[in-house]
Amino acid sequence: MIIDFISGLKVKETPEEVEAVQVYSKILVNDYLYDKKSIQTHPQYRVKVRPSAKKKEYPIDIAVFDSSTKTEDNLKIIVECKRKNEKDGLNQLKDYLRFCSAEIGIWFNGEQKTIIKKFESKGKVFFEEIPDIPRSGQRIEDIGLFKRKDLKIPSNLKSLFISIRNYLAGSNVGATRDEFLAQQLINMIFCKIYDEKFTRQDDTVRFRAGLNEKQADISNRIKQIFSDLKSQYNDVIDENEKLDLNDKSIVHIVGALQNFSITNSPRDAIGDAFEVFIGKALKGGQGQFFTPRNVVKMIIDILDPGIDDKIIDPACGSGGFLIECLRHVWTKVEKRGSKLGWPKSEIEIEKQKTVIKNFRGIDKDSFLAKVTKVYMAILGDGRGGIFCENSLDEPKNWSSKTNNNITLGTFDIVITNPPFGKNINIDGEELLKQYEFGYKWKFIKKENKWIKEKLKSKEAPQTLFIERCMELLKPGGKLGVVLPDGILGNDKLGYIRQHLLLKSKILAVIDLPIITFMPNTSTKTSVVILEKTSEAPDLSYEVFMSIPKTCGHDRRGKEISDDDIIKVPIEYKKWKKNGK
């Protein structure tokens with residue numbers, strides 16, 4: 001049994017309840033601001049089977065009313081959550097709408113969503129698909145007429161993207177490959193972010209889909225935003241790139257996202273989009289699993305980067321670590337500026353200077369590097385600090401532009417989740433011989449130490465990344481890294497731990513739950529936080545250790561309320577305050 005979000009009653013834990021009814025109930029309350037008192041889930045509200053029927057027999061999964069009185073006259077929206085295909089679900093929903101006073105119907109099965117509006121003409125009932133539903137207190141004709149200041153922080157971005165992905169896969173004729181759809185959605189997200197950035201608080205946003213607008217008009221407006229975006233950032237977006245989705249798909253995406261502020265989202269929108277659209281199928285083979293945002297935030301909160309710190313992610317992917325770090329540092333810039341009485345314009349200038357001067361990222365995947373460039377450009381004009389290179393290659397083989405911006409031994413903060421996996425390896429004598437970890441090591445029991453032997457033929461990337469991250473740091477610099485547990489506990493890898501103990505002070509080790517990266521991979525991982533030292537430290541010091549039991553999602557990746565990971569920085573700060 002589970003507790004129903006609306007009524008507080010115990011209800012049976014069916015897939016329909018957990019994945020659809022409860023999820024959409026929360027969306028109605030949190031995102032569309034409907035009062036729980038004006039919603040009925042359990043016991044279910046019922047509508048007539050036919051106009052002449054005296055008894056109401058059809059059970060409605062979610063019924064939304066104009067007031068808490070919940071009478072037939074003020075029934076506003078009905079939601080059908082049966083786990084059927086769209087055709088069957090919509091047919092049932094239309095039957096319900098025909099015999100009740102509600103004007104709007106929603107079919108939602110946890111993975112797909114369609115919204116329809118009922119209207120009558122010449123005594124007949126017709127239905128049309130609409131892009132969105134009105135917020136509480138809003139007229140249906142006002143759908144999409146949002147001022148920037150009215151945009152809400154989304155409560156469940158991933159659920160939105162799953163719904164969009166499934167809609168596109170079924171509706172966008174001629175383009176069903178997830179890689180293509182992911183690129184198109186990311187372009188749409190960039191349009192949304194751009195529109196938020198360049199719309200004044202009291203002005204109506206352009207990224208919108210109104211009730212009575214033609215699909216072609218909405219699509220043309222969004223394509224104009226994309227054209228403006230390309231003009232503004234022509235150094236990172238090719239002028240030939242375009243939105244290749246059909247008008248109907250563009251309107252659907254706009255309708256799904258227009259209510260929300262992506263730039264103020266507590267999650268990384270691009271990372272979420274990649275996870276939903278690409279996930280294991282595209283990136284898992286290269287070990288590039290996207291780091292959950294709560295893990296990213298935990299690492300950054302513990303490292304607590306300052307305004308003047310030089311920061312790099314040498315395996316930046318879609319930029320999740322850098323974006324979250326940017327927000328952390330900008331909060332400090334804003335606090336300092338406010339304290340000193342700076343005007344808002346001066347604070348914004350200082351924020352831009354910070355990211356241009358101090359933020360760097362590298363990724364060998366050209367598409368990911370470009371995505372991060374655009375993301376950083378729109379949010380903070382940090383595109384000049386993102387480079388497409390192999391971080392593990394000799395720096396002399398990097399481009400001159402990269403070498404002018406990234407020098408080993410100069411960074412205050414290195415944050416990363418390097419690619420890892422048992423089926424990926426780095427080979428090549430020239431590359432491996434740069435690294436201590438590119439050689440075989442043997443443990444000498446009498447001397448209780450490891451000694452270096454001959455060069456290996458191959459090595460796992462996560463091992464080499466540890467050494468490269470240490471090389472990037474200056475003495476006193478700090479590293480926050482996600483590592484497979486084998487590196488910390490495998491007897492044969494003791495030379496790695498010996499290397500770290502001789503060249504750094506371990507500050508913290510956080511043992512992440514095994515489901516942290518599920519459903520993409522079940523690899524057990526930990527986070528290591530350390531400080532590089534100029535000489536071997538005295539080993540008689542204490543280390544903060546934490547074992548969070550929950551990570552904010554279950555084995556299937558569904559979000560849950562239990563999340564111990566977000567509590568770790570609080571405990572670390574308490575521990576540090578006590579003089580540890």
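Here is how the numbers come out for the structure above:
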item	result
Antiparallel bridges, percent of DSSP beta bridges restricted to the chain (to nearest 5)	70
3J(HN,Hα) from dihedral phi, region 252-264, Karplus parametrisation 6.51/-1.76/1.60, rounded to Hz, x for glycine, proline	4, 5, 4, x, 6, 9, 5, 6, 10, 9, 6, 5, 9
Length gained when the stretch Lys37-Lys449 is fully extended (0.36 nm per residue, less Cα-Cα span)	141.5 nm
Contour excess over end-to-end distance, with Cα ends at Ser522 and Ile349 and 0.36 nm allotted per residue	57.9 nm
Karplus (6.51, -1.76, 1.60) ³J(HN,Hα), θ = phi - 60°, over region 535-546, in Hz, Gly and Pro reported as x	8, 4, x, 5, 7, 8, 9, 8, 10, 6, 10, 9
Other-chain or far-sequence residues with amide H under 5 Å of Tyr439's (modelled H)	Lys456
Taking the chain and dividing mean pair separation by its residue count, relative contact order in percent (alpha carbons under 8 Å, at least six apart)	9
DSSP-loop chymotrypsin sites (Phe, Trp or Tyr not before Pro) across region 510-580, with at most 10 other Cβ within 10 angstrom	Tyr541
Surface share of carbon and sulfur [accessible, 1.4 angstrom probe, percent] for region 68-201	44
Relative contact order computed over region 350-466 (Cα-Cα under 8 Å; 6+ residues apart), in percent	20
Region 87-192 - Kirkwood radius from inverse mean 1/r over Cα pairs (Å)	16.0
Furthest towards positive pole of dipole, Leu431, Tyr96, Leu9, structure part the chain, Cβ charges	Leu9
Full-stretch length increase - Asp88, Thr410 - with 0.36 nm per residue and alpha-carbon distance subtracted	109.8 nm
Selection of trypsin sites (Lys or Arg not before Pro), region 368-463, meeting DSSP coil and at most 16 other Cβ within 10 Å	Lys422, Lys433, Lys445, Lys446
Simple spin-label estimate for Trp342 and Ser457 in nanometres, 7 Å along Cα-Cβ	5.6
Semi-axis lengths (Å, descending) of the ellipsoid that matches the C-alpha gyration tensor of region 470-564	29, 14, 12
Placed amide H near Ala460: partners under 5 Å, 5+ positions off or other chain	Ile426
With every protein chain in place, region 413-515: carbon and sulfur % of accessible area (1.4 Å)	51
Inter-label distance, nm, simple model (7 Å from Cα along the C-beta direction), Ser231/Asn578	6.0
Accessible area per residue, Å², the chain with all protein chains present, probe 1.4 Å	45
Alpha-carbon radius of gyration plus Dmax, which is the widest Cα pair, for the chain in Å	26.5, 96
Hz values of 3J(HN,Hα) by residue in region 203-217 - Karplus curve (6.51, -1.76, 1.60), Gly and Pro given as x	9, 6, 5, 8, 7, 8, 9, x, 5, 9, 7, 6, 4, 5, 5
Residues whose placed amide H lies under 5 Å from that of Thr525, excluding near-sequence neighbours	Asp485, Leu512
In nm, spacing of pseudo-spin labels at Glu394 and Arg50 (7 Å Cα→C-beta vector)	8.6
Efficiency of FRET from Cβ geometry, Arg556 and Arg98, R₀ 35 Å, rounded to 0.05	0.45
Loop GluC sites (Glu not before Pro), region 13-100, which have at most 14 other Cβ atoms in a 10 Å radius of their Cβ (DSSP)	Glu13
Ser136/Ile424 FRET efficiency (R0 41 Å; Cβ-Cβ; nearest 0.05)	0.25
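The values are calculated or read from the model by the stated rules, or taken from the named source; none is laboratory data. Treat the numbers as computed from the prediction; the structure is a model and nothing was measured. All Cβ positions, even for glycine, are placed from backbone atoms using ideal geometry, and neighbour counts span all protein chains on display. When the accessible area is computed, the model is the full protein with side chains, heavy atoms only, and any ligands, DNA or RNA have been set aside. Shrake-Rupley method; radii C 1.70, N 1.55, O 1.52, S 1.80 Å.
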